[in-house]
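Quick note: the coordinates plus some simple rules give every number you see, no bench work behind them. Predicted model, so just to flag it, every value in this text is computed and none were measured. Cβ sites come from the backbone with ideal geometry, for glycine too, and all protein chains shown count toward neighbours.
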Amino acid sequence: MELQEILGIPARRLETLSHPAALLLEWYRQNQREMPWRKTETFTPTPYQVWVSEIMLQQTRVEAVRGYYTRFIQQLPDIAALASAPEDLLLKLWEGLGYYNRVRNMQKAAKMVMEEYGGALPADYKALQTLPGIGVYTAGAIASIAFDIPVPAPDGNVYRVLTRLLGSGASLGDAKVKKALGEVAASMIPPQAPGDFNQALMELGAIVCLPNGAPLCPSCPWKDLCVASRENSWQTIPNLPEKKPRRVEERTILLLASQGKVLLFRRPAKGLLAGLPEPINLAGFRDEANLSAYVEKLGGRASQLDFLGEATHIFSHVEWRMKGFNAVSPFFEPPPGYFWAGAGQLEDEISIPSAFRPFWEKVNSLLQQSFA
């Protein structure tokens, strides 16, 4: 099937894409945001730095990534350091970014690179895709930005820009449509600047052809070529598949402290927040009597329970609606799976998932109170 058939557009629209790369590159060179991982006149990122930035940017805003990226590179400056890093350090550096399997897969990939490629990322688009956590998009970004290989890096921004440019109402829930858009992007890449072109497409989608709200068409270098702009059809393009409703779970969170330490539980190695520590986290909304009984079952005694309020945290497919409490207990030896952690460990070693942040700000005062 021809590309125009898959995308549901007239063939002549593809012919209009013969020269727009120059317009986009000129716009990008004048409007790109400064980022610590982007090439400048005085700085060229290593392939490793490109890789780290691309993994961090998945499902995370650029502004949120800046500080994490700088700290990560300072602590783990190269693939060898990443491959040999203790998991606690790895997770602490990632704390707050979420989707912790991303950084775990990075370490798996780093170990493979050390063993199979002599410690250097392969300058090969297909080989990059064999590494854990590196899919078509990330491989394309690394290959084009770090190695000047003319391959596309299709992500949500790219799909949105190209479907609007072409006026394609084809569903992005169809893998054939995404593949076709990748081929369109590949056909537009200037061989002399593949990395800049891919970054420009992503940048255009991030700051002009916006995902939420009206696109800033007057600022777009392709405004005279864009079908959606001309026909004012941006509200319906791209045609996104309907999202499945998230499962809602009610949870009760208890910060329990004793002698300057807080009680944590190590989650199972697989599943949501796999292997990460958390405070007491119980299914359903529990009242104070139920919580006190639970602490006694662990071996402690909650001398006072204080309500911390309610909070919601949204994961990809699950929504936690939480009520939080804190309490102090005389010291006790907890059952298997639980462990006590002091302020120093919490600060330097132990990564607490961001789901618990609405309650976690109370932990320092609770630890001090537990000394009393």
- Separation of the Gln32 and Gln235 label points, Cα + 7 Å toward Cβ, nm: 3.6 nm
- Query: Once amide H atoms are built 1.01 Å from N in the peptide plane, which residues 5 or more positions from Leu255, or in another chain, come under 5 Å H to H?
  - Reply: Phe325, Asn326, Ala327
- Estimate the FRET efficiency between Ala11 and Glu249 by the formula 1/(1 + (r/R0)^6), using the beta-carbon distance for r and 51 Å for R0, to the nearest 0.05. 0.55
- Query: So how much slack lies between Glu41 and Ala214, counting 0.36 nm per residue of separation and subtracting their Cα-Cα distance, in nm?
  - Reply: 58.9 nm
- Which length gain, in nm to one decimal place, applies between Glu242 and Asn364 when the Cα-Cα distance is subtracted from 0.36 nm times their residue separation? 39.7 nm
- Per DSSP, loop GluC sites (Glu not before Pro) in region 232-332 with at most 14 further Cβ within 10 Å: Glu242
- Query: Taking square-rooted eigenvalues a ≥ b ≥ c of the alpha carbon gyration tensor, is region 269-372 rounded, prolate or oblate, where a/c under 1.5 means rounded and, failing that, a/b exceeding b/c means prolate?
  - Reply: rounded
- Query: If Lys and Arg each add +1 and Asp and Glu each add -1, what is the summed charge of the other residues whose beta carbon sits under 14 Å from the beta carbon of Leu346?
  - Reply: -3
- Output the pairs from Lys179/Lys244; Lys92/Lys297; Lys179/Lys243 with a Cα-Cα distance over 29 Å in this structure; if there are none, say none. Lys92/Lys297
- Message: Spelling out what I want: for every residue of region 345-357, take phi, set θ = phi - 60°, compute 6.51 cos²θ - 1.76 cosθ + 1.60 (Karplus), and round to whole Hz; glycine and proline get x.
- Response: 5, 5, 6, 10, 10, 9, 9, 9, x, 5, 4, 9, 4
- Arranged from highest to lowest average of other beta-carbon atoms within 10 Å per residue, in what order do the peptides 365-371, 182-188, 151-157, 301-307 appear? 151-157, 182-188, 365-371, 301-307
- Message: Viscosity 0.890 mPa s, temperature 25 °C: give me the Stokes-Einstein translational D for region 180-230 in µm²/s, with Rh taken as the Kirkwood radius over C-alpha pairs.
- Response: 205 µm²/s
- Message: Suppose each label sits 7 Å from its Cα in the direction of the beta carbon; what would the Ser171-Phe307 distance come out to in nanometres?
- Response: 4.5 nm
- Query: Can you list the trypsin sites (Lys or Arg not before Pro) in region 25-104 that are in a DSSP coil and have 11 or fewer other beta carbons within 10 angstrom?
  - Reply: Arg33, Arg61
- Item | Stretchable slack from Gln58 to Val318, in nm (0.36 nm times residue separation minus alpha-carbon distance) | 91.7 nm
- Could you let me know the centre-to-centre spacing of region 107-131 and region 47-93, using Cα atoms, in angstrom? 16 Å
- Query: From the list (1) 23.3; (2) 20.5; (3) 22.2, can you say which value of Kirkwood radius over Cα pairs in Å was derived from the structure given?
  - Reply: (1)
- How many nm is it between the label spots at Asp348 and Gln74, if each spot is 7 Å from the Cα in line with the beta carbon? 1.6 nm
